[in-house]
Structures are given as structure tokens and as C-alpha cells.
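The values are calculated or read from the model by the stated rules, or taken from the named source; none is laboratory data. What you see is a predicted model, and the numbers here were worked out from it, not measured in a lab. When we count neighbours, we look across all protein chains shown, and the Cβ atoms used for this are built from the backbone with ideal geometry, even at glycine. Heads up: the accessible areas ignore ligands, DNA and RNA and are worked out on the full protein's heavy atoms, side chains in. Shrake-Rupley method; radii C 1.70, N 1.55, O 1.52, S 1.80 Å.
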Amino acid sequence: MGIKNEKGRVLVYTGNGKGKTTAAIGLAVRAAGRQMNVSILQFIKSPERTYGERAILNALPGVSIQQLGAGFTWTKTPEIHREALKLAWIKAKETILSGDSDVVILDEINNALAIQTFPVDDVLPLEDVIWTIQNRPPHVHLVLTGRNAKKEIREIADLVSVIDVEKHYYDEGVDAIYGIEY
């Protein structure tokens, strides 16, 4: 139950640095603390895996988080990924346009829109994403995360934060850390 007369904003968290999803989750917690309804839809992460954020965020009143992807693009066939992206976009568009959520976070949608190893535009059309952003209910805040945010998305956003990497332990061969990356 957010302030429905306040204009919803479009926020983009992009760049090659760590922290885009983390920033969006922090925003979700803040919004939930203000009794806003928050929907987090993750476009790449798979419901087959367990993620720390899912366990705690689904326990918060007014917050839902769903993994709608098939995992990293190299873990399944392009057909599986395409079907997951198609269904994720249907769910996302429905969630946004319903106006039931004050904040909708489309986690890693920028990554999904930037996939070049197989065609995605017919299942996740950039033009439809832009139309949905521009025609959402006026109170709905949208957050789009992920590397390689499209120029067209950046242009219509109210805020674009580019999270850069200066140093990362991945470069030293350290794998994803439990509780930090997943």
C-alpha cells in the first residue's frame, strides 16, 4: 500500500560490477518497510536452485520473489532458455500492468535482452518491454537490473546507475561465495 499518487520511476542498475541485484534487493527491503507491495521477477535464475534472497524475501509481508529463468545460458539448450524467457516476460508484463505491485523488479532482464548466442527478440521483444514500461500504471516503480542495458531502455529510465568493477576476487580464481553471491 504505497503512495499511489506518487509517480512511479524507472531505475536501471547496469554495468560489469557486482551489486546490481543486491542494490535492487535493498530497494525492495526499503519499499517493504514502507508497506509497499513488491514483486521481484528473476529472468535468469532458475527455481531449481536455492538462493539466499528467496528464503528471506518471501517471508517479508508484501514481497514476492520468483525465479523464472532456466539458469545460466550455457547450462541448458537455447530452446529451454527461450521458453523460460517467453513465460517470464508474460508473467512480468502481467505483473507490471496489473498495478497490484508498487515496485516491480525485473532482475537480470538487461542480461536477457542482450543475449546474442540465440534469438530472444521473438520471445522477449525489446519493443514490447519499452511499451510496457511506458504504459504501466502511473504509481508503479520499475527496477531493471543486469549487464548491458539496452540504449533504448537507458534513454527512457529516470535513473541509470552503472556499477563498475575495479577489483574482484573472481579474477584471482575465487568462485561465487555462499551468502555473498548466492
### Query
Taking region 125-166 on its own, how many of its residues are within 15 Å of the chain's Cα centre (by Cα), within 23 Å of residue 87 (Cα to Cα) and basic (Lys, Arg)?
2
### Which listed residue, of 64, 101, is surrounded by 13 or more Cβ atoms within 10 Å (Cβ to Cβ), within 23 Å of residue 131 (Cβ to Cβ) and not β-branched (Val, Ile, Thr)
101
### Summary
The one condition residue 149 fails out of (1) out of contact with any Ser or Thr (no Cβ under 7 Å at 6 or more places or on another chain); (2) of a type outside the set (Asp, Glu); (3) at pLDDT 95 or above is (1)
### Summary
Those residues of region 10-57 that are over 17 Å from residue 142 (Cβ atoms), in a loop (DSSP other than H, G, I, E, B) and either within 12 Å of the chain's Cα centre (by Cα) or of a type in the set (Val, Ile, Thr) (or both) come to a total of 3
### Condition broken by residue 140, with the remaining ones in (1) in contact with a strand residue (DSSP E or B) (Cβ under 9 Å, 6 or more places away or on another chain); (2) open to solvent by 30 Å² or more (accessible area, probe 1.4 Å) satisfied
(2)
#### Entry: Lone qualifier among 178, 169 - being open to solvent by less than 90 Å² (accessible area, probe 1.4 Å), over 15 Å from the mean Cα position of the chain (by Cα), of a type in the set (Ser, Thr, Tyr) and more than 27 Å from residue 6 (Cα to Cα)
169
## Note on the structure
When (1) open to solvent by 60 Å² or more (accessible area, probe 1.4 Å); (2) in a helix (DSSP H, G or I) are applied to residue 121, the one that fails is (2)
### Task
From the list 49, 34, 54, pick out the single residue that is at pLDDT 95 or above, of a type in the set (Lys, Arg), on the phi < 0 side of the Ramachandran plot and out of contact with any Ser or Thr (no Cβ under 9 Å at 6 or more places or on another chain).
34
